[in-house]
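**Q** This is the structure I want to talk about, given as structure tokens.
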Amino acid sequence: MLFGWLLAATIVAAPPGVPLSAHLTGSVSDATGLPLAGVTVELRGTTDFVIETDSKGAFEFGPLPEGEYQFDATLAGFGRSIGSFVWPQE
């Protein structure tokens, strides 16, 4: 069984000359839409993070400096979900 992502980014305004940063929040659910707790979510890039989703399937990374990132979510008994993004988008 596969699972899906719901992602959102919060952009933090910075004065001129100060690098941008953002927080990435999201949730992981199964094919029926039920939230999945205990999913290992890894974010690799300029800064690396490894966390588990909470009881509502939610997670948060940040602050994220500018750069390229790859994400990977795994949970025993489910498929693996991977992807990538560039922050900020060009």
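Results for (1) modelled with pLDDT of 95 or more; (2) within 11 Å of residue 28 (Cα to Cα); (3) touching a strand residue (DSSP E or B) at 6+ places or on another chain (Cβ under 8 Å); (4) exposed (fewer than 13 other Cβ atoms within 10 Å of the Cβ), shown as yes or no for each residue.
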| residue | (1), (2), (3), (4) |
| --- | --- |
| 41 | no, yes, yes, no |
| 46 | no, no, yes, yes |
| 55 | yes, yes, yes, yes |
| 58 | no, yes, yes, no |
| 62 | no, no, yes, no |
| 69 | no, no, yes, no |
| 78 | no, no, yes, no |
| 81 | no, yes, yes, no |
| 87 | no, no, yes, no |
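**Q** So residue 59 clears everything in (1) in contact with a Phe, Trp or Tyr (Cβ under 7 Å, 6 or more places away or on another chain); (2) more than 28 Å from residue 17 (Cβ to Cβ) except one condition, right? Which one?
**A** In the conditions (1) in contact with a Phe, Trp or Tyr (Cβ under 7 Å, 6 or more places away or on another chain); (2) more than 28 Å from residue 17 (Cβ to Cβ), residue 59 misses (1) alone.
**Q** Going through 80, 44 one at a time, which residue ends up being within 11 Å of the chain's Cα centre (by Cα) and of a type in the set (Lys, Arg)?
**A** 44
**Q** Further, regarding this structure: Confirm whether residue 18 is at pLDDT below 90, surrounded by fewer than 16 Cβ atoms within 10 Å (Cβ to Cβ), of a type in the set (A, V, I, L, M) and part of a strand (DSSP E or B). Before you say what the answer is, go through the steps one by one.
**A** On the way: at pLDDT below 90: yes; surrounded by fewer than 16 Cβ atoms within 10 Å (Cβ to Cβ): yes; of a type in the set (A, V, I, L, M): yes; part of a strand (DSSP E or B): no.
When the stated conditions are applied, residue 18 does not pass them.
The values are calculated or read from the model by the stated rules, or taken from the named source; none is laboratory data. No experiment lies behind these values; they were computed from the predicted model shown. Cβ atoms come from the backbone with ideal geometry, glycine included; neighbour counts cover every protein chain shown.
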